[in-house]
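Beneath this line is the structure, given in structure tokens, with notes to follow.
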Amino acid sequence: MNEKSCRVLFFGPAREAAGREVMDVPVRPGLTISDLWKTLQADHSDLQSLRGVRLAKNHVYAADHDPVVASDEIAVIPPVSGG
Amino acid sequence: MNEKSCRVLFFGPAREAAGREVMDVPVRPGLTISDLWKTLQADHSDLQSLRGVRLAKNHVYAADHDPVVASDEIAVIPPVSGG
Amino acid sequence: MTTEVQIQAAPITVPPATGDPGAGAVVTFEGVVRGMENGQPIRALHYEAYEPMAEREMERIAGEIAMEHAVRRMAVIHRIGEVPVGEASIAVRVEAAHRAEAFGFLTTFMDRLKRDVPIWKREVR
Amino acid sequence: MTTEVQIQAAPITVPPATGDPGAGAVVTFEGVVRGMENGQPIRALHYEAYEPMAEREMERIAGEIAMEHAVRRMAVIHRIGEVPVGEASIAVRVEAAHRAEAFGFLTTFMDRLKRDVPIWKREVR
């Protein structure tokens, strides 16, 4: 992973929509979870049709305004179905 | 058991109050559960202080007006505490 | 619904689930004798049952509750005699299509059992 | 409260209760794969987890629920990979002083798990 990137993991239907399990995304100062999600949707239009997606940062659900910095692990989490 | 009697079983605190586990009680035409309970309480005054007692007839909870006939099995059931 | 009711003096072993492909939820409740009762230490609880009626009541109660909480199978074992601290006095297993039915059945069954099933306990110190 | 959380590919064996003399109620829930899903026969369910987060979420949820439903010990095992029909995908065991706490904890835990724990299933036909 580039030291100016965060790592993004895709799970379940989001993996199929993104066509991959993992990607590194460059970060810039001031980048938020919301910004990152818009960038991902712009790059992978199939992500736009997913409903109920939440993003997690470093294994915790994140809020839209949470900052994203280099080396953060971000996960794209569509509605879960465990149990 | 005499053929003109019902059998009465005492459980839990009722057994201590009656001083016995079982007794045969003569039946007469028209005898009800309520009549029988009054007779038992008259004969064993310690039964009078028991609260929440129910009577069963042939393994089913009985109502006050249910008839008691010879060979019925009556049980004196103080509040239960299973589980 | 299949109902199995048992009263026994021997320690309780919970039988394995049946593997019924329609049962998505298997819930087991074990009631265990605690070391303190009413704030006092005890050694055991002694249980006494009016056995034929207790069995019949448990079957009747199970049948009634099943009309509201549909389950596929239930089994209950109640132990009698002396049950030492840390051992189960009762085990109830319920198999149902979904967990809400299994939980609903089981909590209602325990409430009704404690009200209506002719079994009595006393403390052994 | 003691919390044990495990995600594993191996079949689930429910561990025996601990015999804690303060635990009067031991409740076990097993979620079993049913033969039909959405009206169609299936062979298995395949589960995928975001493991480190799934473990952390289960621990977090357990801790939160314990503030409302006091339990002494909880253990959860969630299976991943292919789980054949009739086998458990999850088992949760709760030990509490009284049954109301155990049932309250367990039903709330399952509701929260199904909402928040990053695990996904798909049907295998």
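Please work out which residue is surrounded by the fewest Cβ atoms within 10 Å (Cβ to Cβ), limiting yourself to segment D:70-104 and to residues that are away from chain C (no Cβ under 13 Å) and in a loop (DSSP other than H, G, I, E, B). Step through it out loud before you land on a result.
We begin by selecting, within segment D:70-104, every residue away from chain C (no Cβ under 13 Å); these are D:70-71, D:74-82.
When the remaining residues are screened for being in a loop (DSSP other than H, G, I, E, B), the result is D:70-71, D:80.
Numbers: D:Ala70: 15, D:Val71: 25, D:Ile80: 20.
The residue in question is D:Ala70.
Any residue at all in segment A:27-43 that's closer than 19 Å to D:Arg56 by Cα, buried (at least 16 other Cβ atoms within 10 Å of the Cβ) and either touching a Cys at 6+ places or on another chain (Cβ under 6 Å) or among the aromatic types (Phe, Trp, Tyr) (or both)?
Residues of segment A:27-43 closer than 19 Å to D:Arg56 by Cα: none.
No: segment A:27-43 contains no residue that is closer than 19 Å to D:Arg56 by Cα, buried (at least 16 other Cβ atoms within 10 Å of the Cβ) and either touching a Cys at 6+ places or on another chain (Cβ under 6 Å) or among the aromatic types (Phe, Trp, Tyr) (or both).
Residue-by-condition table, conditions (1) under 15 Å from the mean Cα position of the chain (by Cα); (2) among the small types (Gly, Ala, Ser):
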{"residue": "D:Thr3", "(1), (2)": "yes, no"}
{"residue": "D:Ala17", "(1), (2)": "no, yes"}
{"residue": "D:Asp20", "(1), (2)": "no, no"}
{"residue": "D:Thr28", "(1), (2)": "yes, no"}
{"residue": "D:Val33", "(1), (2)": "yes, no"}
{"residue": "D:Asn38", "(1), (2)": "no, no"}
{"residue": "D:Met58", "(1), (2)": "yes, no"}
{"residue": "D:Ile61", "(1), (2)": "yes, no"}
{"residue": "D:Glu68", "(1), (2)": "no, no"}
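Taking B:Asn58 and the conditions (1) crowded, with 17+ Cβ neighbours inside 10 Å; (2) in contact with an Asp or Glu (Cβ under 6 Å, 6 or more places away or on another chain); (3) on the phi > 0 side of the Ramachandran plot, which numbered condition does it fall short on, given that it satisfies the others?
So the condition that B:Asn58 fails would be (1).
Kindly indicate whether any position in segment D:37-55 is of a type in the set (S, T, N, Q) and under 26 Å from C:Phe29 (Cβ atoms).
Going residue by residue through segment D:37-55, those that are of a type in the set (S, T, N, Q) are D:38, D:40.
Checking which are under 26 Å from C:Phe29 (Cβ atoms) leaves us with none.
No; the residues of segment D:37-55 include none that is of a type in the set (S, T, N, Q) and under 26 Å from C:Phe29 (Cβ atoms).
Within the set of pairs 6+ apart or on separate chains, which have a first residue in segment A:1-25 that is among the polar types (S, T, N, Q), a second that is not in a strand (DSSP E or B), and C-beta atoms under 9 Å apart?
Pairs that qualify, where the first residue is among the polar types (S, T, N, Q) and the partner is not in a strand (DSSP E or B), are A:Asn2/A:Ala70; A:Ser5/A:Val27; A:Ser5/A:Ala70; A:Ser5/A:Ser71.
Can you find a residue in segment D:59-79 that is free of Cβ contacts under 8 Å to residues at least 12 places away in the same chain and in contact with a strand residue (DSSP E or B) (Cβ under 9 Å, 6 or more places away or on another chain)?
Yes: segment D:59-79 contains one or more residues that are free of Cβ contacts under 8 Å to residues at least 12 places away in the same chain and in contact with a strand residue (DSSP E or B) (Cβ under 9 Å, 6 or more places away or on another chain).
Being of a type in the set (A, V, I, L, M) and touching a helix residue (DSSP H, G or I) at 6+ places or on another chain (Cβ under 8 Å), is that true of even one residue in segment D:28-37?
So in segment D:28-37, the residues of a type in the set (A, V, I, L, M) come out as D:32-33, D:36.
Then keep just the ones that are touching a helix residue (DSSP H, G or I) at 6+ places or on another chain (Cβ under 8 Å); that gives none.
Checking segment D:28-37: not a single residue is of a type in the set (A, V, I, L, M) and touching a helix residue (DSSP H, G or I) at 6+ places or on another chain (Cβ under 8 Å).
Cβ-Cβ distance below 7 Å, separation of 6 or more or different chains: which pairs start in segment B:35-46 with a residue that is free of Cβ contacts under 8 Å to residues at least 24 places away in the same chain and end on one that is assigned to a helix (DSSP H, G or I) and loosely packed, with under 14 Cβ neighbours inside 10 Å?
B:Gln41/B:Gln48
Do we find that D:Arg34 is within 10 Å of another protein chain (Cβ to nearest Cβ), among the basic types (Lys, Arg) and either in a loop (DSSP other than H, G, I, E, B) or under 29 Å from C:Val14 (Cα atoms) (or both) in this structure?
Details: within 10 Å of another protein chain (Cβ to nearest Cβ): yes; among the basic types (Lys, Arg): yes; either in a loop (DSSP other than H, G, I, E, B) or under 29 Å from C:Val14 (Cα atoms) (or both): yes.
So D:Arg34 fits the description; yes.
Out of all the residues in segment D:105-125, which are facing chain A (nearest Cβ under 10 Å) and either in a strand (DSSP E or B) or closer than 18 Å to C:Gly22 by Cα (or both)?
D:Ile119, D:Trp120, D:Lys121, D:Arg122
Surrounded by fewer than 22 Cβ atoms within 10 Å (Cβ to Cβ), more than 20 Å from C:Pro16 (Cβ to Cβ) and of a type in the set (A, V, I, L, M, F, W, C): does that describe D:Ile65?
On the way: surrounded by fewer than 22 Cβ atoms within 10 Å (Cβ to Cβ): no; more than 20 Å from C:Pro16 (Cβ to Cβ): yes; of a type in the set (A, V, I, L, M, F, W, C): yes.
Here the answer is no, as D:Ile65 does not meet what is asked.
Which numbered condition trips up A:Pro67, out of (1) surrounded by 13 or more Cβ atoms within 10 Å (Cβ to Cβ); (2) under 12 Å from the mean Cα position of the chain (by Cα)?
Of the numbered conditions (1) surrounded by 13 or more Cβ atoms within 10 Å (Cβ to Cβ); (2) under 12 Å from the mean Cα position of the chain (by Cα), the odd one out for A:Pro67 is (2).
Check segment D:29-38 and report whether any residue there is in contact with a Lys or Arg (Cβ under 8 Å, 6 or more places away or on another chain) and among the polar types (S, T, N, Q). Lay out the reasoning, then the answer.
Keep residues of segment D:29-38 that are in contact with a Lys or Arg (Cβ under 8 Å, 6 or more places away or on another chain), which gives D:29, D:31.
Pick out the ones that are also among the polar types (S, T, N, Q) and you get none.
No, that holds for no residue.
Look at segment C:1-31 and say how many of its residues are assigned to a loop (DSSP other than H, G, I, E, B), under 28 Å from D:Val33 (Cβ atoms) and touching a residue at least 24 places away in the same chain (Cβ under 8 Å).
Applying the first criterion (assigned to a loop (DSSP other than H, G, I, E, B)) to segment C:1-31 yields C:1, C:9-24.
The next check asks that each one be under 28 Å from D:Val33 (Cβ atoms); those that pass are C:1, C:12-24.
Imposing the further condition that a residue be touching a residue at least 24 places away in the same chain (Cβ under 8 Å) reduces the set to C:1, C:12, C:14-15, C:17-18, C:20, C:22-24.
Count: 10.
Would you tally the residues in segment D:37-69 being aliphatic (A, V, I, L, M), within 14 Å of chain A (Cβ to nearest Cβ) and assigned to a helix (DSSP H, G or I)?
4
Pick out, from chain B, the strands (runs of 3 or more DSSP E) lying fully within it that include 2 or more residues that are more than 14 Å from every other protein chain (Cβ to nearest Cβ). Spell out how you get there, then give the answer.
Details: elements: B:5-10, B:22-26, B:54-57, B:73-77.
Qualifying strands (runs of 3 or more DSSP E): B:5-10, B:22-26.
Select from segment C:105-125 the residues that are out of contact with any Ser or Thr (no Cβ under 8 Å at 6 or more places or on another chain) and either among the aliphatic types (A, V, I, L, M) or buried (at least 23 other Cβ atoms within 10 Å of the Cβ) (or both) and list them in ascending order.
Step one: list which residues in segment C:105-125 are out of contact with any Ser or Thr (no Cβ under 8 Å at 6 or more places or on another chain), which gives C:105-113, C:115-118, C:122-125.
Of everything in segment C:105-125, those that are out of contact with any Ser or Thr (no Cβ under 8 Å at 6 or more places or on another chain) and either among the aliphatic types (A, V, I, L, M) or buried (at least 23 other Cβ atoms within 10 Å of the Cβ) (or both) turn out to be C:Phe105, C:Leu106, C:Phe109, C:Met110, C:Leu113, C:Val117, C:Pro118, C:Val124.
None of the figures in this text is laboratory data; all of them are computed from the coordinates on show. No experiment lies behind these values; they were computed from the predicted model shown. Here Cβ is always computed from backbone atoms with ideal geometry, including for glycine, and neighbour counts include all displayed protein chains.
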